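Novice: Take this structure first; my questions come after.
The values are calculated or read from the model by the stated rules, or taken from the named source; none is laboratory data. Everything numeric here is computed off the predicted structure, so don't read it as measured data. Note that we place each Cβ from the backbone using ideal geometry, even for glycine, and neighbour counts take in every protein chain shown.
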Amino acid sequence: MERTNEEKQLYDRYKSAIKNKQTPCFSKEEWMTLFQYLNRENKDDAFSVLDNAIEAYPDHRPFIITKAELALYDGLIDEAYDLLEIELADAPEGEVKHLWIDYYYSSGEDKMARQLLDDLFERKPKYMERTLEYIIPVLSDALDEESHKFYTPYIQNAAKLFPKNPMLLEEWEKELMVQKRYEEAIAVCNQLIDNDPYSFMYWNDLAHLHMMQGEYEQAIEALDFALTISAEKEQVNQTKVFKGYCLYMNGSYEQAIELYQELSDNGRTEWEVNSLIAHCHVQMQHFDEAYEILKELIKHDEQEAYAIAMHDFVICCMMKGKREEAYQALKVAVSKHPLDEGLLMVYSLFGIFDKKKMPEIKNTIDRSITLLCPAANDPSIRTKCYKLLEIGKSYLAMGDKENALVYFDLILRIRPDMEELQEPLSQVFADEEFPTKALSQHVVNIITLGEATEEELAEYLCNEDYKDTVKTDDAKQNLILQLLSDEGINN
């Protein structure tokens, strides 16, 4: 607390001097303290403070080194090189070794970066640990698939050489998790716990790793340790939800319900908690209790777990002899989410129980399957896609990108490989304010991979400055019905 007050006082002095158009007067240590505070708090004037510090003490290397580190972090490779070659040319090797490795790595000169790393590991100078603390996160966070084979051994060797260094161990654990080498990651996590047995984060990490292995007893044990350690309320709630999931997966349904009920007053997790409680009741065949909870849950259509809740609701209705109630609820659910395979599967099973409903069920399923699994060479599907393309292009020609994308969206759901769509789709995002390729690919992904509902997609578009004309109500659903109707689509 005292440290924070000191930093804030320095900041007030700095702002007062700037406001009065005076040159702030600080010692070297005060400048560095002020910069570190502002940088940690993500204050915009952190960089101005560093420039002022360099102006006040132009020969003070730590300031120049910090500026070079920031230049490399921001991708200003040429600026970093100039600082290294000119301002830091006479600096001791131990103070700039990490910067040269970072420079060569960031500029794509992997051979030179690896030569410097090999030299570091071979000689093991006194400054080695400090250098690795800087460079290993750089290598770890920026690795692409090709670089893994070159740099993973350095991350591993750093953790082996300094088994008491938490940051280096954490980076190696993270790398092992990415590679799904969970047993090895568990061993590293246990090292971290041995070094710091009162870390809430490490016990949670250990539980997660055991959970990934299907070792729920061990995960629960680790979470119990975590919950004995002081932490923020939000972290504790998240850990309890995690523990409840592990109890559920371990078949300890009553214990899971008891734990979830402790969280029932937490508004953020209320829907999730209640759906999990209901799910536990279903597993225990407590259908009356589950039914009452689920009857309220399915009214809200929370998409994250809607299909699971509806599935459980149908089971409860069937077991309670409420077959017609189950059918009507599921019919509404399928109309809202015609592309949800889980809902469609449950809906299709009703034809077994009631043959009179078979034609209605078959009609709905056929329409949805046409969207989910269209025959690529079906002439009628191809014709309809070309109609959609022309409509979308006509909107695009008028400058109406919002409505154009509604039609292109539907084509992508039916024929994601349609080559003729690529050019008009790229035109939708031909805006200098956005990175065209990344934005286009993101939209293609959320559509073709099913990561977004119709409503979420519309919301995404609204958030990208399409607020004036995008209609989130029933536009997509109406298009689906039009597309699959006997009349087809016309403009």
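Novice: For segment 269-349, list the helices (runs of 4 or more DSSP H) that sit wholly inside it and hold at least 2 residues that are within 21 Å of Ile257 (Cα to Cα) and not basic (Lys, Arg); which are they? Walk me through how you get there before you give the answer.
Specialist: Values: elements: 270-283, 287-297, 306-319, 323-336.
Passing ranges, in order: 270-283, 287-297, 306-319.
Novice: Which residue is modelled with the highest pLDDT, if the candidates are limited to segment 333-351 and must be closer than 18 Å to Phe313 by Cβ and aliphatic (A, V, I, L, M)?
Specialist: Among them, the one singled out is Ala333.
Novice: OK, next. Consider Gln115 against the criteria (1) under 32 Å from the mean Cα position of the chain (by Cα); (2) of a type in the set (S, T, N, Q); (3) at pLDDT 90 or above: it satisfies all of them except one. Which criterion is unmet?
Specialist: All conditions are met except number (1).
Novice: On to the next question. Among Leu168, Leu192, Leu139, which is the only one that is more than 30 Å from Leu223 (Cα to Cα) and assigned to a helix (DSSP H, G or I)?
Specialist: Leu139
Novice: Quick check: anything in segment 81-98 hydrophobic (A, V, I, L, M, F, W, C) and within 31 Å of the chain's Cα centre (by Cα)?
Specialist: Looking for residues that are hydrophobic (A, V, I, L, M, F, W, C) and within 31 Å of the chain's Cα centre (by Cα), one finds none in segment 81-98, hence no.
Novice: Collect the residues in segment 291-309 that are at pLDDT 85 or above and either aromatic (Phe, Trp, Tyr) or under 27 Å from the mean Cα position of the chain (by Cα) (or both), keeping them in residue-number order.
Specialist: Hit for segment 291-309 is Tyr291, nothing else.
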